[in-house]
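Enquirer: Got a structure for you, written out below as structure tokens; questions coming shortly.
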Amino acid sequence: MDEQPGLSGAPLDRRAELSEFLRTRRARLKPEDVGLPDFGRHRRVPGLRREELAQLAGVSVAYYTRLEQGNGRNVSAEVLDSIARALRLTDAEHAHLTHLAKPKHKKKHTARPQHVRSGLRQLLDTMDGVPAYVVGRRAEILAWNRMAAAVFGDWAELPVAERNWARLVFLDPGYHELFVDWEQKAIDIVCALRMDAGCYPDDPRLSALVGELSVKSEDFRRLWATHDVKEKSHGVKRLRHPLVGELSLNFEGFRPAGDGDQTMWAYHAEPGSASAEALRLLASWGTDATRAGSQTQTPSP
């Protein structure tokens, strides 16, 4: 029987990742999107043909075909820039393409444990009334404050390996109930994991996580197959809390100095809103609110 890709912790196939990323980006474009005539001829595949994309990028069809087949050896940054423009890639997608085509060897880096600086932990603790936490590679939850536990569940009650946003969102039914727009949260998580996979294709723990989620979650398999990547630094999340009901919280993401693989996320409510009052109540209830937040967690299958 064939192994599920990544389930054993084997590295992700970077050439296959590059091939599928380019193919899916090309498939989403139509000739009229990029100023090419569409004569209504039957197209065997959706989107632009390889020769059309090569023409837009100013490279030969043979060269682009080799690249889309996963052979990115010796490709120049200038060519990647041209292809990114032709495909109308976002900044995050452009960076992902570069990581896949011109990888930097970071295997030793992924083997090191992820640590949150003591100063950053102290900052989390001083953010009274503001749910905040730090996430590292592989969507791992590394540190959090009391308010984050009150809102999202007390991750201290979970084994370290379970403190992972991807595992919680896709494998824990309680988090499906917690997020009003669960689909968008799931998309955000998958996009972040795709970015990690581009930067660290040789990370065995990331490969194992992707393999496990692919086996256990049909939703994960569906979203992973899109090859979408994006970076989100702010927005709004709506939650259903077991104690205070629906919350609408603005969030901001910050990269702490000294570790580009970590992000601190902080949530706040509009002043004077019902959500602000709900956060105030959660803060005043202390450990009772934390216990209620833990009700979102159910044993993973």
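Please treat every number below as a calculation from the coordinates, not as lab data. Please read all numbers here as calculations on a predicted model, not as lab measurements. Methodologically, a virtual Cβ is constructed for each residue, glycine included, from the backbone with ideal geometry; neighbour enumeration extends over all protein chains shown.
Enquirer: Using Cα pairs closer than 8 Å and at least 6 residues apart in sequence, work out the relative contact order for the stretch 118-296, in percent.
Expert: On the way: 285 pairs, mean separation 52.4, N = 179.
It comes to 29 percent, rounded to a whole number.
Enquirer: Counting pairwise Cα distances across the stretch 141-247, what percent come out greater than 23 angstrom?
Expert: Summing the P(r) of the stretch 141-247 above 23 Å gives 29 percent of all pairs.
Enquirer: What's the whole-number percent of alpha carbon pairs in the stretch 50-202 lying beyond 20 angstrom?
Expert: 62
Enquirer: Rounded to the nearest 10 degrees, what's the angle between the helix 77-87 long axis and the longest principal axis of the chain, both from Cα atoms, 0 to 90?
Expert: Taking the Cα atoms of the chain, the angle to 77-87 is about 80 degrees.
Enquirer: Tell me, what HN-Hα J-couplings in whole Hz come from the Karplus equation 6.51 cos²θ - 1.76 cosθ + 1.60 at θ = phi - 60° for each residue of the stretch 140-156, using x for Gly and Pro?
Expert: So the J values, rounded to whole Hz, are 6, 8, 9, 7, 7, 10, 4, 5, 5, 5, 5, 8, 9, x, 7, 5, 5.
Enquirer: Would you please report the Å³ per residue occupied by the convex hull of the alpha carbon atoms in the chain?
Expert: Considering the Cα atoms of the chain, their hull volume per residue is 162 Å³.
Enquirer: What does the charge dipole of the stretch 14-107 about its Cα centre add up to, to the nearest 20 debye, if the Cβ of each Lys and Arg holds +1 and the Cβ of each Asp and Glu holds -1? List each step's numbers first, then the result.
Expert: Numbers: 20 positive and 12 negative charges, 98 e Å.
Its charge dipole is roughly 480 debye.
Enquirer: Related question: State the answer as a single residue: which of 276, 67, 124 lies farthest towards the positive end of the charge dipole of the chain, with beta carbon charges of +1 for Lys and Arg and -1 for Asp and Glu, about the Cα centre.
Expert: Sorting the options by dipole projection puts first 67.
Enquirer: Compute the signed sum of charges (Lys and Arg +1, Asp and Glu -1) over the other residues within less than 12 Å, Cβ to Cβ, of residue 22.
Expert: +3
Enquirer: Next question. In whole percent, what relative contact order does the stretch 52-176 give with Cα contacts below 8 Å and a gap of six or more residues?
Expert: RCO, the stretch 52-176: 14 percent.
Enquirer: If R₀ is 41 angstrom, what is the calculated FRET efficiency for the pair residue 240 and residue 71, using the beta carbon separation as r and rounding to 0.05?
Expert: The formula returns an efficiency of 0.30 here.
Enquirer: Pop the C-beta distance of residue 219 and residue 255 into the FRET formula with R0 = 30 Å and round what comes out to the nearest 0.05.
Expert: Numbers: r = 28 Å, r/R0 = 0.95.
Efficiency for this residue pair is about 0.60.
Enquirer: State to the nearest 20 debye the size of the charge dipole of the chain about its Cα centre, where the only charges are +1 on K and R beta carbons and -1 on D and E beta carbons.
Expert: Numbers: 43 positive and 41 negative charges, 208 e Å.
So the magnitude is around 1000 debye.
Enquirer: Enter the angle in degrees (range 0 to 90, nearest 10) between the Cα long axis of helix 274-285 and the first principal axis of the Cα atoms of the chain, meaning the one along which they spread out most.
Expert: 50
Enquirer: At 222 nm, what value in deg cm²/dmol follows for the chain if DSSP H runs of at least 4 each add -39500 (n - 2.57) and the sum is divided by all its residues, to the nearest 500?
Expert: Helices in the chain give a 222 nm mean residue ellipticity of -13500 deg cm²/dmol.
Enquirer: Kindly provide log₁₀ I(q)/I(0) values, in the same order as q = 0.21 Å⁻¹, from the Debye equation applied to equal alpha-carbon scatterers of the stretch 199-281.
Expert: -1.04
Enquirer: May I pose another question? Counting every Cα pair in the stretch 14-107, what percent are over 24 Å apart?
Expert: The answer is 16 percent, as a whole percent.
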